[in-house]
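Take a look at the structure below.
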Amino acid sequence: MSRYCGSKDTTSQLNAAQDWLARCIYQRKSIFTDDAIWTLENFRALDENFTNSLDEGDGKYIEKLEACLSETEGPVKKLVAEMTWFMVLCLSNAGVISKRKSIMNIWAWSGEELDMDSPYLSDQTLKGIGSGGPSYNVNRWRELIYFIQLVIRLFEYEGEVKTIFSDAWGCAEWVDQLDGYGHRQFRYMLLYLLFPDVYERIFSRSERQKIVRGFLGKTPKEIRKMTELDIDKAIHKIRTEQERELESDKLDFYISPLKDGWIDPKVKVTLYDEAPELEVDLEKRQATLSNGPLNSILYGPPGTGKTYQTLNRVLRILDPKFLEENIESRERLKERYEQLKAEGRVDFVTFHQSYGYEEFIEGLRADTDDKGQISYRIEDGTFKAICIKAQAGVVNNDTLDACVKAFIADIDDKERIKLKTSTSRDFYVEYHGHTTLRVFPVDSKNEDNTRGYPVSIQSIKNLYRGINVDKFYNKSYVKGVLQYLITHYQLPATYQATDNATGNYVLVVDEINRGNISKIFGELITLIEPSKRLGEEEALTVSLPYSKDEFGVPNNLYLVGTMNTADRSLAMMDTALRRRFDFIEMMPKPDVLDNAEVKGCNLEELLSIMNQRIEYLYDREHTLGHAFFIPVKRALEESEEAAWLALQNVFRNKVLPLLEEYFFEDWSKIRLVLGDNQKKDPRLQFVLEDKLTGNLDALFGQSYQSDEYSDAQMAYSINTNAFKRPSAYSQIISGGEIEEVPTQSVSEATVES
């Protein structure tokens, strides 16, 4: 049966979902109180104030949500809190504490407090069922809009609502009639919560497709032709056949043996395969369409997802529409990246100490002919080669930008301009700074129309460039503004796919801080400045030393670097480089571990306490990244025993060697980080400490110069058995307060020097 989730007990979540259906959908009551807040009136108010008013530009989701709800009544705010509760009910890659806090904060916007002792807010109920990955968090606003439209359609249904939920397949058919909102993960969660014996806890579209491909052998082309319901039924058929073949209904697609049917254990982790559940600041932008700065560096300690994020950044620059439409599928994103690489639009290079100008820009290469004669030729380096490719696509600042600037200038002169929508409805538009316009409908039925509705300038540009208008807010006004630009500013009616938007190139420079910047870039360091690029008013070129070519850096070439701060701090970076790049910090995020526990050890707390100690003993640039522990969290989905083995492996092969490198084998500080100095039982100490004793005369003879600290010298050894003891890990957090076994002498522990 599909409700089986291995060691996870989902009874509380599934019972809560049935209570939600009975109270909120059938009775229109609150899940937390007896108030009637799940009403069509409240949903229409929410639709008006959120769906039609949300600004899609930069900013935090929760702040935008609060702004949109500021003019609504208390019951509407409570409704959003309860919708948020239901939307995170399945989610296991978000912490219980953060879930509860978010729900209670939204409820508090109503002016009332929510009782946190409600059983629906308990740890057991909020612990989640499966991961939503980063996409669900990034697209929360889209998921909420989908939820709103689904319930509005449900409450407007003229028949008996209960009949919709009387049949699992019929319910899915009804849900899928709501079209135009993309492939929303909330659909998968809703159907699983309501019909856990029919649907699976698989909330990723790409993983659903992988299962069908793995078990049924269908091609990607065949799978793309399948509807969501087709895939649902295919997976249900796979389960039925596997249960019959294996003679067991205790099966889960994330646990062996079913896991082995669609996840190939021989597939190696590649550059962009790290931890899809990582939530980093770059992913929190809701519109993945902005190209970002021409020169950027992602920097942070090891294991914080820097390399992982370069894939998204490359696609955001080269194919933003594809990124937006496929953000849920890591596999498709990687396939698209490889296509772009094969086309020569993205290249990858790693800097190191011996890397120089000749490899990066141009240099002399020796050739020997059949007679042994040596000749020299000039060979282009990686940077020059991609600059030449990109230069073919260079254009001056495009016409669209010029039209937008002229439009904004006219608004500033007149304060507001009167326009028409595509249906001839009049509205005024004002410029509110940065990337936002505000529109004010002339015939608005809203009594308080002083704030107007936001229209993102980026949405206007994206519509012109062919990106689906259904993805935008206030789309009728977006269309109206674009038509005005075409009519009044001679903007070509058809977008030409020869400008920078489709002709961008990217060079990824891994470990950019490990190279000698002056040696590698030479005189070209000035040319990478945005204002000095080819196609700009202040464009510069230089004559290259070997070829004597006039060379410049085109304005459609993006440089994306990664920097490991454990190798070199930001403060020690080349000053010329620091001035010319935007630096995006990526620090450890223990909360992505979601309070996962292995043998009583909380991984989130474990990473947090170790990093606090490292920051005190060294600095924040040498902390431990959360990515090291993601394999442990993943293994928990299979079994706690698998996670326990993964934790041992991480500590033995990742954490301890990194600490040795950080502290230059200063074992006393390593012991402090691991809490070994506080552990009463030496068997739980990862690094054992023993004072050097013995007859020094016997060791060195009588004529030796004793070090002034020789009496205090210590010997250190690694206790291999400590890696196999759960309390050795939990006491890193507790400081030795947990007693596991009787105290024994150091000599009884298994050690290695």
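The values are calculated or read from the model by the stated rules, or taken from the named source; none is laboratory data. Predicted model, so just to flag it, every value in this text is computed and none were measured. With ideal geometry, Cβ positions are generated from the backbone for all residues, glycine too; neighbour counts draw on all protein chains shown.
Quick check, is Asn49 closer than 19 Å to Tyr146 by Cβ and at pLDDT 90 or above?
Numbers: closer than 19 Å to Tyr146 by Cβ: yes; at pLDDT 90 or above: no.
No, not satisfied.
Can you report the number of residues in segment 91-119 which are among the hydrophobic types (A, V, I, L, M, F, W, C) and under 21 Å from Ile129 (Cβ atoms)?
So the count comes out to 5.
Could you list, in sequence order, the residues of segment 659-677 that are hydrophobic (A, V, I, L, M, F, W, C), under 26 Å from Thr307 (Cβ atoms) and crowded, with 21+ Cβ neighbours inside 10 Å?
Residues satisfying the conditions are Leu659, Val673.
Being closer than 24 Å to Arg336 by Cα, at pLDDT 85 or above and not in a helix (DSSP H, G or I) is the filter here, so list the residues in segment 218-260 that pass it.
Residues satisfying the conditions are Lys225, Met226, Thr227.
Looking only at segment 5-23, decide whether some residue is in contact (Cβ under 8 Å) with a residue 60 or more places away in the chain, basic (Lys, Arg), surrounded by fewer than 20 Cβ atoms within 10 Å (Cβ to Cβ) and within 30 Å of Ser256 (Cα to Cα).
Yes - at least one qualifying residue is present in segment 5-23.
Consider Ile37 carefully, then state whether it is among the hydrophobic types (A, V, I, L, M, F, W, C) and crowded, with 21+ Cβ neighbours inside 10 Å.
It is true that Ile37 is among the hydrophobic types (A, V, I, L, M, F, W, C) and crowded, with 21+ Cβ neighbours inside 10 Å.
Say we look at segment 610-636 and pick out the residues that are surrounded by fewer than 20 Cβ atoms within 10 Å (Cβ to Cβ) and under 20 Å from Ser92 (Cα atoms); which of these is modelled with the highest pLDDT?
Only one residue fits best here, namely Pro631.
Would you confirm, using the coordinates I've provided, whether Thr436 is surrounded by 15 or more Cβ atoms within 10 Å (Cβ to Cβ) and modelled with pLDDT of 80 or more?
In short, no.
Starting from residues that are in a helix (DSSP H, G or I) and of a type in the set (Phe, Trp, Tyr), keep the ones in segment 105-138 and report whichever is modelled with the lowest pLDDT.
Filtering segment 105-138 for residues that are in a helix (DSSP H, G or I) and of a type in the set (Phe, Trp, Tyr), the one modelled with the lowest pLDDT comes out as Tyr136.
Could you pull out every one of the helices (runs of 4 or more DSSP H) wholly within segment 589-662 that has 2 or more residues that are more than 26 Å from Tyr299 (Cα to Cα)?
630-636, 640-650
For segment 180-199, what are the residues that are under 25 Å from Glu324 (Cα atoms) and in a loop (DSSP other than H, G, I, E, B)?
Of everything in segment 180-199, those that are under 25 Å from Glu324 (Cα atoms) and in a loop (DSSP other than H, G, I, E, B) turn out to be Gly180, Tyr181, Gly182, His183, Arg184.
Where residues in segment 479-501 are of a type in the set (Ser, Thr, Tyr) and either part of a loop (DSSP other than H, G, I, E, B) or in contact with a Phe, Trp or Tyr (Cβ under 9 Å, 6 or more places away or on another chain) (or both), which of them is modelled with the highest pLDDT?
Tyr484
Just give me the residues in segment 18-34 being more than 20 Å from Met104 (Cα to Cα) and either outside the structural domain of Ser166 (by TED's automatic domain parsing) or of a type in the set (Ser, Thr, Tyr) (or both), in sequence order.
Going through segment 18-34, the residues more than 20 Å from Met104 (Cα to Cα) turn out to be 18, 21-22, 25-28.
Tyr26 - this is the single residue of segment 18-34 that is more than 20 Å from Met104 (Cα to Cα) and either outside the structural domain of Ser166 (by TED's automatic domain parsing) or of a type in the set (Ser, Thr, Tyr) (or both).
Farther than 30 Å from Val96 by Cα, without any contact (Cβ under 8 Å) to a residue 60 or more places away in the chain and part of a helix (DSSP H, G or I): which single residue out of Glu143, Glu173, Glu207, Glu158 fits that description?
Within the list Glu143, Glu173, Glu207, Glu158, the selection yields Glu173.
Condition check: under 28 Å from the mean Cα position of the chain (by Cα) and under 30 Å from Pro196 (Cβ atoms). Does Ala36 satisfy that?
Answer is no for this residue.
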